[in-house]
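The values are calculated or read from the model by the stated rules, or taken from the named source; none is laboratory data. This is a predicted model, so every value here is computed, not measured. In this analysis, Cβ positions are derived from the backbone assuming ideal geometry, glycine residues included, and neighbour counts consider all displayed protein chains. Accessible surface areas use protein heavy atoms only, side chains included; no ligands, DNA or RNA. Shrake-Rupley method; radii C 1.70, N 1.55, O 1.52, S 1.80 Å.
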Amino acid sequence: MSENPRARKLADRIKEIVAQLLDTRIKDPRLGFVTITDVRVTGDLQQASVFYTVYGSEEEHVGTAAALESAKGMIRSEVGKQTQMRLTPTVEFHLDSVPETAAHLDAALLEARRRDAELAALREGKQPAGDADPYRTDDE
């Protein structure tokens with residue numbers, strides 16, 4: 001995404017519109033508990049990528065993706081009406097992988113802390129092998 005201020009402003013507006021539509025107008029039973037996490041608009045304002053997360057099982061992820069895909073035309077139409085742009089950007093939905101990535105990183109950090117504590121316990125009371133100062137000096 002470009003750092004175009006107009007694109008950022010449009011992305012924020014599209015995020016509001018899509019979230020409102022999902023809350024009030026789209027009544028698809030496949031739609032799970034969806035949160036719109038981010039919207040990115042290209043610098044030429046022609047494409048909008050909407051990132052979302054779904055709380056629930058893999059089945060709910062798949063159902064929500066299908067529901068969003070089927071409602072894409074209505075969402076784009078409403079975005080065009082509410083933004084009053086001459087050319088309405090195309091809307092693409094992407095499942096946001098940030099929560100899964102964060103959970104994976106948390107698990108990796110927890111494992112690293114556990115291993116560090118394990119090594120610290122093994123080191124406790126131990127002496128290094130060899131001399132206390134293993135480097136040769138000129139006195140020798």
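Per-structure values
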{"quantity": "Share of Cα-Cα pairs in region 1-60 lying beyond 15 Å, as whole percent", "calculated": "53"}
{"quantity": "Accessible area, probe 1.4 Å, largest first, for residues Asp139, Asp12", "calculated": "Asp139, Asp12"}
{"quantity": "The chain - share of DSSP beta bridges that are antiparallel (%, nearest 5)", "calculated": "55"}
{"quantity": "Expected-Rg normalisation [2.2 N^0.38 Å, Cα atoms] applied to region 60-106", "calculated": "1.54"}
{"quantity": "Average accessible surface area per residue within the chain, 1.4 Å rolling probe, Å²", "calculated": "72"}
{"quantity": "Nearby lysines by direct alpha-carbon distance to Lys9 (threshold 25 angstrom, same-chain neighbours under 8 apart not counted)", "calculated": "Lys72, Lys81"}
{"quantity": "In degrees, nearest ten, helix 98-123 long axis to first principal axis of the chain (Cα)", "calculated": "10"}
{"quantity": "Nearest 10 degrees, 0 to 90: helix 72-83 Cα axis against the chain principal axis", "calculated": "80"}
{"quantity": "Cα-based helix-to-principal-axis angle, 58-70 vs the chain, degrees rounded to 10", "calculated": "30"}
{"quantity": "Largest-first ellipsoid semi-axes for the chain, taking √(5λ) over the Cα gyration tensor eigenvalues, angstrom", "calculated": "54, 22, 9"}
{"quantity": "Backbone HN-Hα couplings from phi across region 26-40 [Karplus 6.51/-1.76/1.60, Hz, Gly and Pro as x]", "calculated": "8, 10, 6, x, 6, 6, x, 7, 9, 10, 7, 9, 6, 9, 10"}
{"quantity": "Simple label model, 7 Å out from Cα along Cβ direction - Arg86 to His104, nm", "calculated": "4.3"}
{"quantity": "Positive-pole candidate from Gln82, Tyr52, Gly32, dipole of the chain, charges at beta carbon", "calculated": "Gln82"}
{"quantity": "Choice from Glu118, Glu59, Glu78 with maximal GNM fluctuation in the chain (Cα, 10 Å cutoff)", "calculated": "Glu118"}
